[in-house]
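The values are calculated or read from the model by the stated rules, or taken from the named source; none is laboratory data. Keep in mind that this is a model prediction, so the values were computed, not measured. When we count neighbours, we look across all protein chains shown, and the Cβ atoms used for this are built from the backbone with ideal geometry, even at glycine. Areas reflect the complete protein model, heavy atoms only, side chains present, ligands, DNA and RNA absent. Shrake-Rupley method; radii C 1.70, N 1.55, O 1.52, S 1.80 Å.
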Amino acid sequence: MRRKSVEQSIAETDEPEHRLKKNLGALDLMIFGVGVIIGAGIFVVTGTVAKTNSGPAITLSFLIAGLACGLAALCYAEFAATVPVAGSAYTFSYATFGELVAWIIGWDLALEFTIGAAALATSFSGYYQEVVDGSFLEVPTGIASAADGFVDLPAVVISVLVTVVLIVGIKFSSRVNQAVVAIKLLVIAMVLIFGFSHIDTANYVPFIPESKPAPAGSGGFLDSTLISTLTGAEPAVYGLAGVIAGASIVFFAFLGFDIVATTAEETRNPQRDIPRGIIGSLVIVTVLYIAVSLVVTGMQPYEQIDENDAAPLATAFDAVGMEWMGRLIAIGACIGLIVVVMILMLGQTRVGFAMARDGLLPKPLAKVHPVFGTPYVFTAITGLAVAAISGFVELDTLVNLVSIGALFAFVLVSLGVLLLRRQRPDLPRAFRTPLVYVVSPVSALLCAYLMLNLTGATWVRFLAWMALGLVVYFLYGRRHSRLAGT
(Lines give C-alpha, C1' and ligand atoms only; values in the text may rest on other atoms or scores of the structure.)
Protein backbone atom coordinates (compact mmCIF):
# COMPACT_ATOMS: atom_id res chain seq x y z
CA MET A 1 0.00 0.00 0.00
CA ARG A 2 3.05 2.30 -0.05
CA ARG A 3 2.28 5.41 -2.06
CA LYS A 4 4.58 7.56 -4.14
CA SER A 5 4.03 11.24 -3.49
CA VAL A 6 3.14 13.60 -6.30
CA GLU A 7 6.20 15.69 -5.44
CA GLN A 8 8.50 12.65 -5.71
CA SER A 9 7.01 11.62 -9.06
CA ILE A 10 7.58 15.11 -10.48
CA ALA A 11 11.12 15.35 -9.04
CA GLU A 12 12.17 12.10 -10.72
CA THR A 13 11.39 13.52 -14.16
CA ASP A 14 14.53 15.68 -13.84
CA GLU A 15 16.93 12.81 -13.28
CA PRO A 16 19.49 13.05 -16.14
CA GLU A 17 19.39 9.36 -17.06
CA HIS A 18 15.58 9.36 -17.23
CA ARG A 19 14.84 12.84 -18.57
CA LEU A 20 12.54 13.01 -21.61
CA LYS A 21 12.59 15.90 -24.06
CA LYS A 22 9.73 18.41 -23.72
CA ASN A 23 8.72 18.95 -27.35
CA LEU A 24 4.91 18.91 -27.37
CA GLY A 25 2.31 21.69 -27.29
CA ALA A 26 -1.50 21.78 -27.13
CA LEU A 27 -1.94 21.32 -30.89
CA ASP A 28 0.46 18.36 -30.92
CA LEU A 29 -1.54 16.71 -28.14
CA MET A 30 -4.93 17.30 -29.72
CA ILE A 31 -3.72 15.91 -33.03
CA PHE A 32 -2.18 12.94 -31.22
CA GLY A 33 -5.58 12.28 -29.65
CA VAL A 34 -7.52 12.64 -32.89
CA GLY A 35 -4.88 10.64 -34.74
CA VAL A 36 -5.14 7.61 -32.50
CA ILE A 37 -8.89 7.70 -31.83
CA ILE A 38 -9.79 7.82 -35.52
CA GLY A 39 -8.75 4.32 -36.47
CA ALA A 40 -10.30 0.89 -36.51
CA GLY A 41 -13.40 2.25 -34.79
CA ILE A 42 -14.40 4.26 -37.81
CA PHE A 43 -12.89 2.09 -40.53
CA VAL A 44 -13.62 -1.43 -39.23
CA VAL A 45 -15.57 -1.81 -35.97
CA THR A 46 -18.51 0.35 -37.13
CA GLY A 47 -19.70 -2.20 -39.68
CA THR A 48 -19.03 -5.23 -37.50
CA VAL A 49 -20.97 -3.99 -34.47
CA ALA A 50 -23.87 -2.73 -36.60
CA LYS A 51 -24.25 -6.24 -38.03
CA THR A 52 -23.79 -8.25 -34.83
CA ASN A 53 -25.18 -6.08 -32.02
CA SER A 54 -26.83 -2.73 -32.67
CA GLY A 55 -28.11 -2.34 -36.22
CA PRO A 56 -28.61 1.35 -37.20
CA ALA A 57 -28.68 2.17 -33.48
CA ILE A 58 -24.90 1.84 -33.49
CA THR A 59 -25.04 5.65 -33.36
CA LEU A 60 -26.53 5.25 -29.87
CA SER A 61 -23.78 2.76 -29.01
CA PHE A 62 -21.21 5.39 -29.99
CA LEU A 63 -23.08 8.02 -27.98
CA ILE A 64 -23.11 5.86 -24.82
CA ALA A 65 -19.44 4.97 -25.22
CA GLY A 66 -18.62 8.62 -25.89
CA LEU A 67 -20.45 9.68 -22.74
CA ALA A 68 -18.51 7.16 -20.64
CA CYS A 69 -15.26 8.35 -22.19
CA GLY A 70 -16.21 12.00 -21.72
CA LEU A 71 -16.77 11.57 -17.99
CA ALA A 72 -13.55 9.61 -17.63
CA ALA A 73 -11.74 12.23 -19.73
CA LEU A 74 -12.64 14.95 -17.23
CA CYS A 75 -11.05 12.87 -14.48
CA TYR A 76 -7.98 12.15 -16.62
CA ALA A 77 -7.60 15.85 -17.39
CA GLU A 78 -7.46 16.81 -13.70
CA PHE A 79 -5.00 14.02 -12.89
CA ALA A 80 -2.71 14.79 -15.83
CA ALA A 81 -2.64 18.51 -15.04
CA THR A 82 -1.91 17.80 -11.36
CA VAL A 83 0.64 15.00 -11.89
CA PRO A 84 2.36 15.81 -15.23
CA VAL A 85 4.44 12.63 -15.34
CA ALA A 86 4.74 9.81 -17.89
CA GLY A 87 2.65 6.76 -17.10
CA SER A 88 -0.94 8.03 -17.19
CA ALA A 89 -3.28 5.97 -14.98
CA TYR A 90 -0.34 3.98 -13.58
CA THR A 91 1.30 7.12 -12.17
CA PHE A 92 -2.02 8.51 -10.95
CA SER A 93 -2.82 5.27 -9.12
CA TYR A 94 0.63 5.20 -7.48
CA ALA A 95 -0.11 8.57 -5.89
CA THR A 96 -3.59 7.63 -4.66
CA PHE A 97 -4.19 3.89 -4.18
CA GLY A 98 -0.63 2.69 -3.60
CA GLU A 99 1.95 0.50 -5.30
CA LEU A 100 -0.03 -2.73 -5.70
CA VAL A 101 -2.97 -1.02 -7.41
CA ALA A 102 -0.50 1.02 -9.48
CA TRP A 103 1.16 -2.19 -10.63
CA ILE A 104 -2.22 -3.72 -11.47
CA ILE A 105 -3.23 -0.71 -13.55
CA GLY A 106 0.18 -0.56 -15.23
CA TRP A 107 -0.09 -4.22 -16.14
CA ASP A 108 -3.62 -3.56 -17.37
CA LEU A 109 -2.43 -0.63 -19.52
CA ALA A 110 0.18 -2.93 -21.05
CA LEU A 111 -2.73 -5.10 -22.15
CA GLU A 112 -4.73 -2.13 -23.47
CA PHE A 113 -1.96 -0.42 -25.43
CA THR A 114 0.00 -3.43 -26.68
CA ILE A 115 -3.05 -5.44 -27.71
CA GLY A 116 -4.63 -2.27 -29.10
CA ALA A 117 -1.59 -1.61 -31.29
CA ALA A 118 -1.69 -5.22 -32.47
CA ALA A 119 -5.40 -4.94 -33.29
CA LEU A 120 -4.79 -1.81 -35.35
CA ALA A 121 -1.85 -3.40 -37.13
CA THR A 122 -4.21 -6.23 -38.08
CA SER A 123 -6.78 -3.69 -39.30
CA PHE A 124 -4.09 -1.99 -41.36
CA SER A 125 -3.35 -5.33 -42.99
CA GLY A 126 -6.99 -5.75 -44.01
CA TYR A 127 -7.17 -2.36 -45.70
CA TYR A 128 -3.72 -2.76 -47.25
CA GLN A 129 -4.87 -5.95 -48.94
CA GLU A 130 -7.98 -4.15 -50.16
CA VAL A 131 -5.70 -1.57 -51.80
CA VAL A 132 -3.28 -4.00 -53.46
CA ASP A 133 -5.86 -6.65 -54.40
CA GLY A 134 -5.22 -7.84 -57.96
CA SER A 135 -1.85 -6.09 -58.26
CA PHE A 136 1.67 -7.50 -58.15
CA LEU A 137 1.79 -6.45 -54.47
CA GLU A 138 -1.08 -8.78 -53.54
CA VAL A 139 -0.26 -10.79 -50.43
CA PRO A 140 -0.58 -14.61 -50.66
CA THR A 141 -3.30 -16.05 -48.41
CA GLY A 142 -0.87 -18.01 -46.27
CA ILE A 143 0.88 -14.86 -45.04
CA ALA A 144 -2.04 -12.41 -45.26
CA SER A 145 -4.06 -13.34 -42.18
CA ALA A 146 -3.74 -15.17 -38.88
CA ALA A 147 -7.29 -16.46 -39.33
CA ASP A 148 -6.90 -17.94 -42.83
CA GLY A 149 -3.17 -18.54 -43.04
CA PHE A 150 0.02 -18.94 -41.04
CA VAL A 151 0.91 -15.32 -40.27
CA ASP A 152 -0.28 -11.78 -40.99
CA LEU A 153 2.89 -10.48 -42.63
CA PRO A 154 1.71 -6.89 -43.42
CA ALA A 155 0.81 -6.42 -39.74
CA VAL A 156 4.25 -7.63 -38.67
CA VAL A 157 6.07 -5.35 -41.12
CA ILE A 158 4.15 -2.21 -40.15
CA SER A 159 4.74 -2.91 -36.44
CA VAL A 160 8.50 -3.04 -37.00
CA LEU A 161 8.54 0.14 -39.11
CA VAL A 162 6.52 2.06 -36.52
CA THR A 163 8.95 0.97 -33.81
CA VAL A 164 11.82 2.58 -35.73
CA VAL A 165 9.87 5.86 -36.06
CA LEU A 166 9.18 5.94 -32.30
CA ILE A 167 12.82 5.37 -31.42
CA VAL A 168 13.91 8.26 -33.65
CA GLY A 169 11.96 10.74 -31.50
CA ILE A 170 8.57 11.96 -30.32
CA LYS A 171 8.73 15.23 -32.27
CA PHE A 172 9.35 13.32 -35.48
CA SER A 173 6.47 11.02 -34.53
CA SER A 174 4.29 14.10 -33.99
CA ARG A 175 5.17 15.48 -37.45
CA VAL A 176 4.28 12.16 -39.08
CA ASN A 177 1.02 12.08 -37.10
CA GLN A 178 0.01 15.60 -38.17
CA ALA A 179 0.44 14.77 -41.86
CA VAL A 180 -1.51 11.53 -41.59
CA VAL A 181 -4.33 13.05 -39.49
CA ALA A 182 -4.85 15.62 -42.24
CA ILE A 183 -5.22 12.76 -44.76
CA LYS A 184 -7.66 10.88 -42.51
CA LEU A 185 -9.85 13.91 -41.92
CA LEU A 186 -9.93 14.60 -45.66
CA VAL A 187 -11.03 11.01 -46.36
CA ILE A 188 -13.72 11.18 -43.64
CA ALA A 189 -15.00 14.47 -45.06
CA MET A 190 -15.36 12.80 -48.47
CA VAL A 191 -17.13 9.84 -46.86
CA LEU A 192 -19.69 12.19 -45.33
CA ILE A 193 -20.13 14.34 -48.45
CA PHE A 194 -20.57 11.49 -50.93
CA GLY A 195 -22.14 9.07 -48.46
CA PHE A 196 -25.05 11.28 -47.39
CA SER A 197 -26.18 11.51 -51.03
CA HIS A 198 -26.55 7.69 -51.14
CA ILE A 199 -28.43 7.22 -47.87
CA ASP A 200 -31.73 5.34 -48.07
CA THR A 201 -33.73 6.28 -44.98
CA ALA A 202 -35.59 2.97 -45.22
CA ASN A 203 -32.40 1.33 -43.97
CA TYR A 204 -32.91 3.08 -40.63
CA VAL A 205 -36.21 1.30 -40.00
CA PRO A 206 -36.36 -0.13 -37.42
CA PHE A 207 -33.67 2.08 -35.90
CA ILE A 208 -33.30 -0.27 -32.92
CA PRO A 209 -33.93 -3.77 -34.34
CA GLU A 210 -36.13 -6.04 -32.28
CA SER A 211 -34.22 -8.12 -29.78
CA LYS A 212 -33.68 -11.70 -30.87
CA PRO A 213 -31.91 -14.75 -29.42
CA ALA A 214 -28.17 -14.90 -29.98
CA PRO A 215 -27.05 -17.16 -32.87
CA ALA A 216 -27.00 -20.88 -32.18
CA GLY A 217 -23.86 -22.05 -30.47
CA SER A 218 -23.22 -18.75 -28.71
CA GLY A 219 -25.20 -19.40 -25.55
CA GLY A 220 -22.42 -20.72 -23.31
CA PHE A 221 -20.63 -18.74 -20.64
CA LEU A 222 -17.68 -17.89 -22.86
CA ASP A 223 -19.88 -16.47 -25.64
CA SER A 224 -22.46 -14.70 -23.45
CA THR A 225 -22.08 -11.29 -21.84
CA LEU A 226 -21.16 -11.51 -18.18
CA ILE A 227 -24.26 -9.56 -17.15
CA SER A 228 -26.56 -12.05 -18.91
CA THR A 229 -24.78 -14.88 -17.10
CA LEU A 230 -25.11 -13.16 -13.72
CA THR A 231 -28.77 -12.26 -14.20
CA GLY A 232 -29.78 -15.51 -15.89
CA ALA A 233 -31.10 -13.68 -18.94
CA GLU A 234 -31.07 -15.49 -22.27
CA PRO A 235 -28.26 -14.26 -24.56
CA ALA A 236 -29.68 -11.91 -27.15
CA VAL A 237 -28.62 -9.48 -29.86
CA TYR A 238 -30.15 -6.17 -30.96
CA GLY A 239 -32.72 -4.37 -28.84
CA LEU A 240 -31.57 -2.16 -25.97
CA ALA A 241 -29.26 -4.86 -24.64
CA GLY A 242 -27.61 -5.09 -28.05
CA VAL A 243 -27.09 -1.33 -28.13
CA ILE A 244 -25.38 -1.40 -24.73
CA ALA A 245 -23.30 -4.46 -25.63
CA GLY A 246 -22.35 -2.63 -28.82
CA ALA A 247 -21.25 0.35 -26.73
CA SER A 248 -18.94 -1.94 -24.75
CA ILE A 249 -17.30 -3.07 -27.99
CA VAL A 250 -17.10 0.27 -29.80
CA PHE A 251 -15.54 1.66 -26.63
CA PHE A 252 -12.41 0.32 -28.31
CA ALA A 253 -12.88 3.02 -30.93
CA PHE A 254 -12.47 5.85 -28.41
CA LEU A 255 -9.16 4.74 -27.01
CA GLY A 256 -6.60 7.44 -27.50
CA PHE A 257 -7.49 10.37 -25.29
CA ASP A 258 -5.74 8.55 -22.43
CA ILE A 259 -2.64 8.30 -24.63
CA VAL A 260 -2.43 12.09 -24.38
CA ALA A 261 -1.99 11.75 -20.61
CA THR A 262 1.00 9.42 -21.07
CA THR A 263 2.90 12.23 -22.86
CA ALA A 264 2.55 14.70 -19.97
CA GLU A 265 6.26 14.52 -19.19
CA GLU A 266 7.11 15.52 -22.77
CA THR A 267 4.72 18.49 -22.86
CA ARG A 268 6.04 22.04 -22.50
CA ASN A 269 3.06 23.29 -20.47
CA PRO A 270 1.21 20.15 -19.26
CA GLN A 271 -1.03 21.93 -16.74
CA ARG A 272 -2.66 23.92 -19.53
CA ASP A 273 -2.21 21.78 -22.63
CA ILE A 274 -3.02 18.24 -21.40
CA PRO A 275 -6.69 19.01 -20.52
CA ARG A 276 -7.13 20.81 -23.85
CA GLY A 277 -5.64 17.89 -25.77
CA ILE A 278 -7.72 15.24 -23.98
CA ILE A 279 -11.13 16.94 -24.08
CA GLY A 280 -10.70 18.58 -27.48
CA SER A 281 -9.76 15.39 -29.30
CA LEU A 282 -12.60 13.43 -27.70
CA VAL A 283 -15.28 15.96 -28.70
CA ILE A 284 -14.07 16.02 -32.31
CA VAL A 285 -14.06 12.27 -32.82
CA THR A 286 -17.39 11.62 -31.08
CA VAL A 287 -19.12 13.85 -33.64
CA LEU A 288 -17.27 12.17 -36.52
CA TYR A 289 -18.08 8.64 -35.29
CA ILE A 290 -21.80 9.33 -35.04
CA ALA A 291 -21.85 10.94 -38.50
CA VAL A 292 -19.94 8.09 -40.18
CA SER A 293 -22.03 5.39 -38.49
CA LEU A 294 -25.17 7.08 -39.84
CA VAL A 295 -23.67 6.95 -43.35
CA VAL A 296 -22.60 3.29 -43.16
CA THR A 297 -25.97 2.01 -41.92
CA GLY A 298 -27.88 4.36 -44.24
CA MET A 299 -26.08 3.28 -47.41
CA GLN A 300 -26.79 -0.42 -46.98
CA PRO A 301 -29.08 -2.51 -44.74
CA TYR A 302 -27.22 -3.60 -41.62
CA GLU A 303 -28.23 -7.22 -42.35
CA GLN A 304 -26.12 -7.13 -45.53
CA ILE A 305 -22.93 -6.04 -43.79
CA ASP A 306 -20.34 -8.82 -43.62
CA GLU A 307 -19.21 -9.01 -39.98
CA ASN A 308 -15.91 -10.55 -41.13
CA ASP A 309 -15.23 -7.82 -43.68
CA ALA A 310 -11.87 -6.18 -42.89
CA ALA A 311 -12.87 -3.01 -44.81
CA PRO A 312 -16.65 -2.47 -44.31
CA LEU A 313 -16.58 1.28 -44.95
CA ALA A 314 -14.99 0.76 -48.36
CA THR A 315 -17.43 -2.09 -49.08
CA ALA A 316 -20.42 0.19 -48.36
CA PHE A 317 -19.36 2.45 -51.23
CA ASP A 318 -18.65 -0.52 -53.47
CA ALA A 319 -22.26 -1.62 -52.86
CA VAL A 320 -23.65 1.63 -54.33
CA GLY A 321 -21.39 1.55 -57.38
CA MET A 322 -18.72 3.97 -56.13
CA GLU A 323 -15.76 1.61 -56.31
CA TRP A 324 -13.34 4.53 -56.73
CA MET A 325 -14.50 5.92 -53.41
CA GLY A 326 -14.11 2.54 -51.79
CA ARG A 327 -10.52 2.40 -53.03
CA LEU A 328 -9.83 5.94 -51.80
CA ILE A 329 -11.19 5.04 -48.35
CA ALA A 330 -9.03 1.95 -48.29
CA ILE A 331 -5.93 4.01 -49.10
CA GLY A 332 -6.79 6.66 -46.48
CA ALA A 333 -7.53 4.02 -43.85
CA CYS A 334 -4.34 2.17 -44.72
CA ILE A 335 -2.26 5.30 -44.14
CA GLY A 336 -4.27 6.40 -41.11
CA LEU A 337 -4.07 3.12 -39.25
CA ILE A 338 -0.28 3.28 -39.35
CA VAL A 339 -0.37 6.30 -37.06
CA VAL A 340 -2.87 4.68 -34.70
CA VAL A 341 -0.48 1.76 -34.26
CA MET A 342 2.31 4.25 -33.63
CA ILE A 343 0.50 6.23 -30.94
CA LEU A 344 -0.80 3.18 -29.07
CA MET A 345 2.76 1.86 -28.99
CA LEU A 346 3.86 5.30 -27.79
CA GLY A 347 1.45 5.02 -24.86
CA GLN A 348 2.72 1.56 -23.92
CA THR A 349 6.38 2.62 -24.05
CA ARG A 350 5.74 5.57 -21.72
CA VAL A 351 3.85 3.45 -19.19
CA GLY A 352 6.54 0.76 -19.29
CA PHE A 353 9.23 3.42 -19.01
CA ALA A 354 7.58 4.83 -15.86
CA MET A 355 7.25 1.36 -14.29
CA ALA A 356 10.90 0.53 -15.03
CA ARG A 357 12.04 3.89 -13.61
CA ASP A 358 10.15 3.01 -10.42
CA GLY A 359 11.93 -0.36 -10.24
CA LEU A 360 8.78 -2.43 -10.73
CA LEU A 361 10.29 -3.65 -14.00
CA PRO A 362 14.05 -4.07 -14.62
CA LYS A 363 15.65 -0.60 -14.56
CA PRO A 364 17.66 -1.04 -17.80
CA LEU A 365 14.27 -0.90 -19.60
CA ALA A 366 14.06 2.79 -18.61
CA LYS A 367 17.21 3.78 -20.49
CA VAL A 368 16.81 6.91 -22.61
CA HIS A 369 18.60 7.18 -25.96
CA PRO A 370 21.46 9.71 -25.68
CA VAL A 371 20.63 11.35 -29.02
CA PHE A 372 16.89 10.88 -29.58
CA GLY A 373 15.79 11.28 -25.94
CA THR A 374 13.36 8.35 -26.16
CA PRO A 375 13.05 5.15 -24.05
CA TYR A 376 14.49 3.08 -26.88
CA VAL A 377 14.95 -0.23 -25.03
CA PHE A 378 11.33 -0.53 -23.98
CA THR A 379 10.19 0.77 -27.37
CA ALA A 380 12.07 -2.03 -29.16
CA ILE A 381 10.59 -4.67 -26.85
CA THR A 382 7.09 -3.26 -27.34
CA GLY A 383 7.54 -3.31 -31.12
CA LEU A 384 8.55 -6.97 -31.11
CA ALA A 385 5.57 -7.87 -28.91
CA VAL A 386 3.10 -6.00 -31.14
CA ALA A 387 4.59 -7.62 -34.26
CA ALA A 388 4.26 -11.10 -32.76
CA ILE A 389 0.68 -10.63 -31.50
CA SER A 390 -0.63 -8.95 -34.66
CA GLY A 391 1.01 -11.61 -36.77
CA PHE A 392 -0.65 -14.57 -35.08
CA VAL A 393 -3.90 -13.48 -33.32
CA GLU A 394 -7.28 -12.65 -34.92
CA LEU A 395 -8.77 -9.13 -34.73
CA ASP A 396 -12.04 -9.79 -32.85
CA THR A 397 -10.22 -11.39 -29.92
CA LEU A 398 -7.91 -8.39 -29.68
CA VAL A 399 -10.69 -5.77 -29.81
CA ASN A 400 -12.60 -7.12 -26.80
CA LEU A 401 -9.43 -7.44 -24.71
CA VAL A 402 -8.53 -3.81 -25.40
CA SER A 403 -12.01 -2.64 -24.38
CA ILE A 404 -12.01 -4.40 -21.03
CA GLY A 405 -8.49 -3.18 -20.26
CA ALA A 406 -9.41 0.42 -21.01
CA LEU A 407 -12.66 0.30 -19.03
CA PHE A 408 -10.87 -1.09 -15.98
CA ALA A 409 -8.30 1.72 -16.17
CA PHE A 410 -11.06 4.30 -16.45
CA VAL A 411 -12.84 2.95 -13.36
CA LEU A 412 -9.70 3.39 -11.26
CA VAL A 413 -8.88 6.84 -12.63
CA SER A 414 -12.46 8.01 -12.04
CA LEU A 415 -12.31 6.91 -8.41
CA GLY A 416 -8.71 8.03 -7.99
CA VAL A 417 -9.33 11.67 -8.82
CA LEU A 418 -11.92 11.82 -6.05
CA LEU A 419 -9.58 10.09 -3.61
CA LEU A 420 -6.70 12.48 -4.37
CA ARG A 421 -9.01 15.44 -3.79
CA ARG A 422 -9.54 14.15 -0.24
CA GLN A 423 -5.94 13.02 0.38
CA ARG A 424 -4.19 16.12 -1.01
CA PRO A 425 -6.58 19.08 -1.16
CA ASP A 426 -3.49 21.32 -1.00
CA LEU A 427 -2.15 20.34 -4.42
CA PRO A 428 -2.33 23.03 -7.12
CA ARG A 429 -4.81 21.95 -9.78
CA ALA A 430 -4.66 23.81 -13.08
CA PHE A 431 -7.78 21.90 -14.18
CA ARG A 432 -10.52 20.69 -11.85
CA THR A 433 -13.15 18.12 -12.83
CA PRO A 434 -16.52 19.91 -12.66
CA LEU A 435 -19.07 18.40 -10.24
CA VAL A 436 -16.42 15.86 -9.27
CA TYR A 437 -18.60 14.19 -6.60
CA VAL A 438 -21.13 13.39 -9.33
CA VAL A 439 -18.90 12.91 -12.40
CA SER A 440 -16.40 10.61 -10.68
CA PRO A 441 -18.79 7.92 -9.31
CA VAL A 442 -21.08 8.06 -12.37
CA SER A 443 -18.07 7.58 -14.66
CA ALA A 444 -16.84 4.62 -12.60
CA LEU A 445 -20.29 2.97 -12.51
CA LEU A 446 -20.91 3.46 -16.23
CA CYS A 447 -17.52 2.01 -17.18
CA ALA A 448 -18.03 -0.93 -14.80
CA TYR A 449 -21.45 -1.60 -16.35
CA LEU A 450 -19.97 -1.60 -19.83
CA MET A 451 -17.38 -4.12 -18.62
CA LEU A 452 -20.20 -6.45 -17.56
CA ASN A 453 -21.52 -6.36 -21.13
CA LEU A 454 -18.40 -8.04 -22.50
CA THR A 455 -18.29 -11.79 -23.00
CA GLY A 456 -17.22 -14.42 -20.52
CA ALA A 457 -14.30 -15.36 -22.78
CA THR A 458 -13.02 -11.79 -22.62
CA TRP A 459 -13.26 -11.80 -18.82
CA VAL A 460 -11.40 -15.12 -18.59
CA ARG A 461 -8.53 -13.81 -20.74
CA PHE A 462 -8.46 -10.53 -18.79
CA LEU A 463 -8.37 -12.22 -15.38
CA ALA A 464 -5.70 -14.66 -16.56
CA TRP A 465 -3.55 -11.72 -17.69
CA MET A 466 -4.05 -9.89 -14.39
CA ALA A 467 -3.21 -13.05 -12.40
CA LEU A 468 0.04 -13.34 -14.34
CA GLY A 469 0.75 -9.72 -13.49
CA LEU A 470 0.35 -10.36 -9.77
CA VAL A 471 2.82 -13.25 -9.99
CA VAL A 472 5.36 -10.96 -11.69
CA TYR A 473 4.83 -8.25 -9.08
CA PHE A 474 5.30 -10.47 -6.04
CA LEU A 475 8.27 -12.31 -7.54
CA TYR A 476 10.08 -9.20 -8.81
CA GLY A 477 8.45 -5.77 -8.59
CA ARG A 478 7.68 -5.71 -4.86
CA ARG A 479 11.30 -6.35 -3.86
CA HIS A 480 12.94 -4.14 -6.51
CA SER A 481 10.66 -1.12 -6.18
CA ARG A 482 12.40 2.19 -5.46
CA LEU A 483 10.04 2.54 -2.51
CA ALA A 484 10.93 -0.90 -1.11
CA GLY A 485 13.33 0.56 1.44
CA THR A 486 11.20 3.50 2.46
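With n ≥ 4 as the cut-off for DSSP H runs, can you work out [θ] at 222 nm for the chain, using -39500 (n - 2.57) per run divided by the number of residues, rounded to the nearest 500?
-21500 deg cm²/dmol
For residue 237, enumerate residues with amide H under 5 Å from its amide H, sequence gap 5+ or separate chain, H modeled in the peptide plane.
212, 214
Roll a 1.4 Å probe over the protein chains and send me the accessible area per residue for the chain in Å².
I get 36 Å² per residue for the chain.
If I take R0 = 45 Å and measure r between the Cβ atoms of residue 287 and residue 369 in this structure, what FRET efficiency does the formula 1/(1 + (r/R0)^6) give, to the nearest 0.05? Show your work: numbers first, answer last.
Details: r = 38 Å, r/R0 = 0.85.
Between residue 287 and residue 369 the formula returns 0.70.
At q = 0.14, 0.24, 0.25 Å⁻¹, what is the log10 ratio I(q)/I(0) for the stretch 397-483, with the Debye formula run over Cα points and no solvent?
Taking Cα atoms of the stretch 397-483 as identical point scatterers yields -0.70, -1.06, -1.09.
How long is the gain from residue 467 to residue 143 if the chain were fully straight, where each residue apart is worth 0.36 nm and the alpha carbon distance is subtracted?
The span from residue 467 to residue 143 would gain 113.3 nm if fully extended.
Say the dipole of the chain comes from +1 at the beta carbon of Lys and Arg and -1 at that of Asp and Glu; which of 202, 91, 67 then lies farthest toward its positive end?
My answer, from the dipole projection, is 91.
Kindly count the pairs of lysines across the chain whose alpha carbons are less than 17 Å apart, treating pairs on different chains or eight or more residues apart as eligible.
Lysine pairs satisfying the spacing and distance rule in the chain number 5.
Using the Karplus curve 6.51 cos²θ - 1.76 cosθ + 1.60 with θ = phi - 60°, what ³J(HN,Hα) values do you get for each residue of the stretch 416-426, in whole Hz, with x for Gly and Pro?
x, 5, 5, 5, 5, 4, 7, 6, 10, x, 7
Given the Cα atoms of the chain, and with Rh set as the inverse mean 1/r over their pairs in the Kirkwood sense, what is Rg to Rh to two decimals?
That ratio equals 0.96.
Carbon-plus-sulfur fraction of the accessible area of the chain, 1.4 Å probe, in percent?
Whole-percent figure for carbon plus sulfur exposure: 68.
Enumerate the calculated ³J(HN,Hα) couplings along the stretch 449-465 in order (Karplus 6.51 cos²θ - 1.76 cosθ + 1.60, θ = phi - 60°), each rounded to whole Hz, writing x wherever the residue is Gly or Pro.
Residue by residue, the stretch 449-465 yields 5, 5, 4, 5, 8, 8, 6, x, 4, 5, 5, 4, 5, 5, 5, 5, 5 Hz.
Can you give me the long-range amide H partners of residue 322? Hydrogens built in the peptide plane at 1.01 Å from N, cutoff under 5 Å, separation of 5 or more residues or another chain.
So residue 322 has HN proximity to no qualifying residue.
With only alpha-carbon atoms counted, please give the Rg and Dmax of the stretch 95-209, in Å.
Just the Cα atoms of the stretch 95-209 yield Rg and Dmax of 19.8, 56 Å.
Return the FRET efficiency for the residue pair residue 476, residue 175: r is the Cβ-Cβ distance, R0 is 45 Å, and the value is rounded to the nearest 0.05.
Working from the Cβ atoms, E equals 0.75.
So, in nm, how far is label residue 136 from label residue 435 when the simple model puts each one 7 Å beyond its Cα toward the Cβ?
6.2 nm
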